[in-house]
Amino acid sequence: MSETTHDSAPPRDVPLAELAARHGLSVSGARPSLPQYVRQLWGRRHFIVAFSQAKLTAQYSQAKLGQLWQVATPLLNALVYFLIFGILLQGRGGMDNSEYIPFLVTGVFVFTFTQASVLAGVKSISGNLGLVRALHFPRASLPISFSLQQLQQLLFSMVILLVITVSFGHMPSFAWLLVVPVLALQFVFNAGLAMIMARLGSSTPDLAQLMPFILRTWMYASGVMFPLRHMVETRANWPSWTADVLAANPAAVYMDLVRYALIDGDYRDTIPAATGLYALGWALVVGIGGFLYFWKAEERYGRG
């Protein structure tokens, strides 16, 4: 070995980490600090919006009715639930059609927002490995973008929902303005939940096959098709606190608040006064907690 080569070689007792720091080197794909990650995510905000819009446009591009399926799908689901729960099983809790139909359609639209966000979140990393491995960007952009896509889809559906509500005699009022903050809180909740499911789904792809069954159970426990409190009150052997527990679950919370805003009637009196606090609490806990949980595994996405 020449003397020049020997002199340029690093000392054998110098730790590799110290040597890398001395020359300004860092681990490729290392997780950035939380403030840096938030700044990177904000810097990709235009990508997040454009990606969500592109996914929304492509979702029904092969169907002849195109984007009309964004509204037709939840409406057809609502029709099926009306026939089964509203007519055959008489699960409307004493409401007539003028109250029950807006109640049902609102529940279907609002729950579908959360359901679709979760299903998209589970596959947001595992289903986009080519993009994750090819480009460097904060991976939280993907589940957030998919949640934003579902929000845009819900906003299209809200036009039909408002038409249905007015058609059954529930006229516009200042209470309708409550829908805006409620959907904003639900979006934060959905994005946090999508990030949690994205991390779990990235390491366990089979979770995507299990989620439809979990979400279906959640739907039945959230009062999408029937009023929860009336259902519990008609069960003599159920403890009284069961209705409060069921009504505090996040899916029921956001549905009840939108129903409260849009629908006049006796159902408003059955909604607990703390529902607004539940909505804020769920958004903060799941939104922030989901973001931190996802960020902790940032360097592992797309590897292996």
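The values are calculated or read from the model by the stated rules, or taken from the named source; none is laboratory data. These numbers come from a predicted model, not from an experiment. Here the Cβ is made from the backbone with ideal geometry for all residues, glycine too, and neighbour counts use every protein chain on show. Surface areas here come from the heavy atoms of the whole protein model, side chains and all, with no ligands, DNA or RNA. Shrake-Rupley method; radii C 1.70, N 1.55, O 1.52, S 1.80 Å.
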Starting from the range 191-203, take each residue that is on the phi > 0 side of the Ramachandran plot and list its partners that are in a helix (DSSP H, G or I) and basic (Lys, Arg), counting only C-beta distances under 6 angstrom and pairs at least six apart or across chains.
none
Could you count how many residues in the range 83-110 are hydrophobic (A, V, I, L, M, F, W, C) and either open to solvent by less than 40 Å² (accessible area, probe 1.4 Å) or on the phi > 0 side of the Ramachandran plot (or both)?
9
Which pairs turn up if I take residues in the range 111-132 that are touching a residue at least 24 places away in the same chain (Cβ under 8 Å) and look for partners that are of a type in the set (Ser, Thr, Tyr) and not in a helix (DSSP H, G or I) with beta carbon separation below 8 Å, at least 6 apart in sequence or on another chain?
111/222; 125/301; 132/301
Lone unmet requirement of (1) touching a helix residue (DSSP H, G or I) at 6+ places or on another chain (Cβ under 8 Å); (2) surrounded by fewer than 23 Cβ atoms within 10 Å (Cβ to Cβ); (3) assigned to a helix (DSSP H, G or I) for residue 137:
(3)
Which numbered condition in (1) open to solvent by 40 Å² or more (accessible area, probe 1.4 Å); (2) assigned to a helix (DSSP H, G or I); (3) at pLDDT below 85; (4) not hydrophobic (A, V, I, L, M, F, W, C) is the only one that residue 260 fails?
(3)
Which numbered condition residue 295 fails, given (1) more than 30 Å from residue 129 (Cα to Cα); (2) open to solvent by less than 70 Å² (accessible area, probe 1.4 Å):
(1)
If you take the residues in the range 230-257 that are in a loop (DSSP other than H, G, I, E, B) and open to solvent by less than 60 Å² (accessible area, probe 1.4 Å), which one is farthest from residue 77 (Cα to Cα)?
239
Meets criteria (open to solvent by less than 80 Å² (accessible area, probe 1.4 Å) and modelled with pLDDT of 90 or more) for residue 75:
no
Selection over the range 28-49 where residues are open to solvent by less than 50 Å² (accessible area, probe 1.4 Å) and either assigned to a helix (DSSP H, G or I) or under 12 Å from residue 144 (Cβ atoms) (or both) yields a count of 4
Inspect all residues belonging to the range 213-229 and state whether any of them is open to solvent by 30 Å² or more (accessible area, probe 1.4 Å), at pLDDT 90 or above and over 30 Å from residue 142 (Cα atoms).
no
